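Take a look at the structure below.
The values are calculated or read from the model by the stated rules, or taken from the named source; none is laboratory data. This structure is a prediction, so every number in the text was calculated from the model and none was measured. Here the Cβ positions follow ideal geometry from the backbone for every residue, glycine too, while neighbour counts run over all protein chains shown. Heavy atoms of the whole protein, side chains included, go into the accessibility calculation; ligands, DNA and RNA do not. Shrake-Rupley method; radii C 1.70, N 1.55, O 1.52, S 1.80 Å.
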Amino acid sequence: MRRLVMIVVLLVAVGAGAWFYLDLGLDDVGLGGLNIPGFNQAPDGPVVLTMDCSSVGREYELCVDRLEVFMERTGYRVIPKPGPTDASLHLSVLQELSLTRSQGLDVYAVDVIWPGILAEDLLDLREYFSPADLSDFFTAIVDNNTVGDRLVAIPYYTDAGLLYYRTDLLERYGFDGPPASWAELEEMAQVIQAGERAAGNDAFWGFVWQGRQNEGLTCDALEWFASEGAGRIVEIDGTISATPNNQQAIEALGRAQRWVGTISPENSPEIDEEASRAIWQSGNAAFMRNWPYAYALGNSEDSPVRGLFDVGPLPSGEAGSAATLGGWQLAVSKYSRFPDEAAELVRFMTGTETQKYLAIEGSYNPTRLSLYNDPDILAANPFFGSMLDILNGAVARPSTVTGTDYEAVSTVFHTQVNEVLRGETTPEQALRTVEQNLVSLRGEGW
Ligand code: GLC
């Protein structure tokens, strides 16, 4: 099983890598590819670095803004790269670059679940960041980025799942606040959707979220599970809890299956973060589950929902409200030709000045505690006042316990959950398959 998963991962990686290369915009620098030995080595010229800027929402654009400042200050050249918006695809690309020991990407953007997976290909940054340099960052994230005793990545921004809700529509339909429970959300979504459709908007939906078969779905489904006390797929001690004996998990999946085509679009099993934001931001949804980045975009000048929404904790199940912990780190590739300069870039991009810029312009949550008292940041994002609590209580995916197996664990899980959403299997059968696959992945131990 392990070998099969590995082969599949590699096949996907080759395809994804080709896509990434084509999409890198390297043609404009006349390079046409990343793997050309020595292409970023400029013996007599300036340093040329390459940075993975990701590309969800305004991420790429804001990253480029900051790189311009860095270039001006240092005289180095940095080529930004728009990483895939799909986190699962993004990982495949980074794994392919690492596998081929590519020197084409100096600074990696690393999802909070990847330090264990990518550790061997990343530089130990303790040489560049002293304990004093790290003291302002959230300790839990620094710990997450420390594999063995190596510090493989520096926290860039953090996030957690949130509920976005239309304040104007809640008021119009006589609700005095956002839904506290999943049952309330269903009821409000039905009422608002029926009313908006009767008023002539056929494209209106009650609730949009992420059902597409990728890492985003693992995050959403983990929230459904954790809020019902159904566990976190694999527990901290390594026990597999996504099993057909888990009644709360069966119910949570059954409920999400019922949403599809009733309060949520029929094509929910295809919808990712950006697709759900498109529906929401065009004014066609009452509620949305998404990450904090959608706040700044929803309030941008040309947004139809500007000023018409607020954001808060996700609805509670039997066990309370649960948000999946997300977030990104920056790391230096072990194969970089310019490790010192790349580490300097990581220091700049994770520094207070850049984090403040990302928070104000893009509502990206800082990973530095001191910035949560910054009046400019709080003025731009009033909801950041309650974000510390949400982040502190957020549920981590089981990436530490499953280590290098995490991607395979998550793939098994979101593949089955997606089949449930499509109505191709039942929650019980899906959980049976998940359990079988996880048992075989685990083998003698994670
Ligand atoms: C967000 C989160 C990340 C998560 C991804 C899933 O980017 O920050 O942690 O894996 O969404 O789509």
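Being farther than 25 Å from residue 350 by Cβ and not in a helix (DSSP H, G or I) is a condition met by no residue of region 401-410. When region 299-311 is filtered for residues that are more than 23 Å from the chain's Cα centre (by Cα) and in a strand (DSSP E or B), nothing remains. Tell me, please, whether a residue that is within 15 Å of the ligand (Cβ to nearest atom), open to solvent by 10 Å² or more (accessible area, probe 1.4 Å) and of a type in the set (Phe, Trp, Tyr) can be found in region 202-219. No, because not a single residue in region 202-219 is within 15 Å of the ligand (Cβ to nearest atom), open to solvent by 10 Å² or more (accessible area, probe 1.4 Å) and of a type in the set (Phe, Trp, Tyr).
Restricting the first member to region 434-446 and to residues that are part of a loop (DSSP other than H, G, I, E, B), and the second to residues that are charged (D, E, K, R), the beta-carbon pairs closer than 9 Å and six or more apart or on different chains are 443/2; 446/405. If you go through region 312-350 and pick out every residue that is closer than 27 Å to residue 393 by Cβ and in a loop (DSSP other than H, G, I, E, B), you end up with 8. Criterion applied to 430, 379 was being of a type in the set (A, V, I, L, M), touching an Asp or Glu at 6+ places or on another chain (Cβ under 7 Å), more than 16 Å from the ligand (Cβ to nearest atom) and assigned to a helix (DSSP H, G or I), and the one residue passing it is 430.
Suppose the filter is open to solvent by 10 Å² or more (accessible area, probe 1.4 Å), among the charged types (D, E, K, R) and either in contact with a Leu (Cβ under 7 Å, 6 or more places away or on another chain) or more than 30 Å from residue 104 (Cβ to Cβ) (or both); does residue 302 pass it? Quick ask: steps written out before the conclusion?
Details: open to solvent by 10 Å² or more (accessible area, probe 1.4 Å): yes; among the charged types (D, E, K, R): yes; either in contact with a Leu (Cβ under 7 Å, 6 or more places away or on another chain) or more than 30 Å from residue 104 (Cβ to Cβ) (or both): yes.
When the stated conditions are applied, residue 302 passes them.
Looking at region 157-179, which of its residues are part of a loop (DSSP other than H, G, I, E, B) and either closer than 16 Å to residue 206 by Cβ or among the acidic types (Asp, Glu) (or both)? Explain how you work it out, then say what you get.
First pass over region 157-179, keeping only residues part of a loop (DSSP other than H, G, I, E, B): 161, 173-179.
Correct list: 173, 174, 175, 176, 178, 179.
The condition of being buried (at least 23 other Cβ atoms within 10 Å of the Cβ), within 19 Å of residue 186 (Cβ to Cβ) and either within 16 Å of the ligand (Cβ to nearest atom) or over 21 Å from the mean Cα position of the chain (by Cα) (or both) does not hold for residue 316. Among the residues in region 324-333, are any over 22 Å from residue 417 (Cβ atoms) and away from the ligand (no atom under 15 Å from the Cβ)? Scanning region 324-333, I find at least one residue that is over 22 Å from residue 417 (Cβ atoms) and away from the ligand (no atom under 15 Å from the Cβ), so the answer is yes. For region 265-313, residues that are within 16 Å of the ligand (Cβ to nearest atom) and without any contact (Cβ under 8 Å) to a residue 24 or more places away in the chain total 1. Condition first: within 14 Å of the ligand (Cβ to nearest atom), of a type in the set (Val, Ile, Thr) and surrounded by 21 or more Cβ atoms within 10 Å (Cβ to Cβ). Can you find one or more residues in region 135-142 that meet it? Yes, that holds for at least one residue.
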